[in-house]
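Student: First, the structure itself, so that you have it in front of you.
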Ligand code: NI
């Protein structure tokens, strides 16, 4: 796949998927109750972290990350849908943190990689591959201890696969087979899409739509290896309608918080 091939969709709301101003405006309207910090300025853009400390003691710490790959834009839009539809009472059941959009230049351009041609979701574990960390990855890497804490009870990284018409997911769990959480995510994906019926995807073994415990240099794999209880990477299919993908992303985030 070309690093700079553009993928832009026209949403039902009359907004193009790479309309960063609309996306930022809509997100800003949902900031009530969140504490927002900037982790750094990779590729000349601010990389925001949103935190919502629960007022209730001993609630799980969960982290949702969106927009590592710029052409996978249903995830950041799905986050807005999720925040609009989820009651504050439900959000306060967890110590929830968000990375709303990691790769801002990729999102603006509709390209997978950032404007320098770096893959923001590789290079976190240098012993596994020889891909160097991207500018965005370096900022996240510098905040490893913080991210460990924020995602200690679960990490959800929201992606898409623009080349397929069926959905699947990656699951990282401390079990010998996918748990009910993984199966629930697959069920939610199956409401809008067929589940990818293949034995392999990107060189990984795929079983009934789930790539299980395949450690690679991705962000989610890295946080799992560092100790997160579990981590998931969902892939909605880019060949299917944008609105369905946004809806599925939102439903999975909701389920992740409710687990
Ligand atoms: Ni991706």
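Every number in this text was worked out from the coordinates using simple rules, so none of it is lab data. What you are looking at is a predicted structure, and each value in this text was computed from that prediction instead of being measured. With ideal geometry, Cβ positions are generated from the backbone for all residues, glycine too; neighbour counts draw on all protein chains shown.
Student: By the gyration tensor of its Cα atoms, with a ≥ b ≥ c the square roots of the eigenvalues, what is the shape of segment 25-112: rounded for a/c under 1.5, prolate for a/b over b/c, or oblate?
Tutor: It comes out prolate by the Cα gyration axes.
Student: What nm distance separates the two modelled labels at residue 12 and residue 190, each placed 7 Å from Cα along Cα→Cβ?
Tutor: So the label points at residue 12 and residue 190 sit 2.3 nm apart.
Student: Is the C-alpha gyration tensor of segment 124-164 telling us rounded, prolate or oblate? Criteria: a/c under 1.5 is rounded; beyond that, a/b larger than b/c is prolate, otherwise oblate.
Tutor: Here segment 124-164 falls in the oblate category.
Student: A follow-up question, please. Please report the relative contact order for the chain, taking Cα pairs under 8 Å with a sequence separation of at least 6, and give it as a percent rounded to a whole number.
Tutor: 23
Student: A further question follows. How many angstrom separate the Cα center of segment 107-121 from the Cα center of segment 167-214?
Tutor: About 25 Å separates the Cα centre of segment 107-121 from the one of segment 167-214.
Student: Still on this structure, please answer the following. What order do you get for 70-77, 127-134, 102-109 when each peptide is scored by the mean count of other beta carbon atoms within 10 Å, highest first?
Tutor: Descending mean neighbour count gives 70-77, 102-109, 127-134.
Student: I would also like to ask the following. Quick one: if the Förster radius is 22 Å, what FRET efficiency do residue 31 and residue 92 give, using the C-beta to C-beta distance and rounding to 0.05?
Tutor: The computed FRET efficiency comes out at 0.90.
Student: Under a no-solvent Debye model with one identical scatterer per Cα of the chain, what's log10 I(q)/I(0) at q = 0.09, 0.10 Å⁻¹?
Tutor: -0.34, -0.43
Student: Expressed as a rounded percentage, what relative contact order does segment 78-171 have, with Cα pairs under 8 Å and six or more residues apart?
Tutor: Rounded, it is 17 percent for segment 78-171.
Student: May I ask what percent, to the nearest 5, of DSSP beta bridges between residues of segment 104-239 are antiparallel?
Tutor: Here the antiparallel bridges make up roughly 45 percent for segment 104-239.
Student: Rounded to the nearest 500 deg cm²/dmol, what is the calculated helix-only ellipticity per residue at 222 nm for the chain, with -39500 (n - 2.57) per DSSP H run of length n ≥ 4?
Tutor: Only helices count here, giving -9000 deg cm²/dmol.
Student: Defining a contact as two alpha carbons under 8 Å apart and six or more residues distant in sequence, what relative contact order in percent does segment 1-141 show?
Tutor: Normalised by residue count, the contact order of segment 1-141 is 28 percent.
Student: Once you order the gyration tensor axes a ≥ b ≥ c over the Cα atoms, which shape class does segment 76-169 get: rounded for a/c under 1.5, otherwise prolate or oblate by comparing a/b with b/c?
Tutor: oblate
Student: Please report the antiparallel percentage of DSSP beta bridges with both residues in the chain, rounded to the nearest 5.
Tutor: Around 45 percent antiparallel, to the nearest 5.
Student: Distance between Cα centroids, segment 45-61 to segment 230-259: provide it in whole Å.
Tutor: The two parts, judged by their Cα centres, are 20 Å apart.
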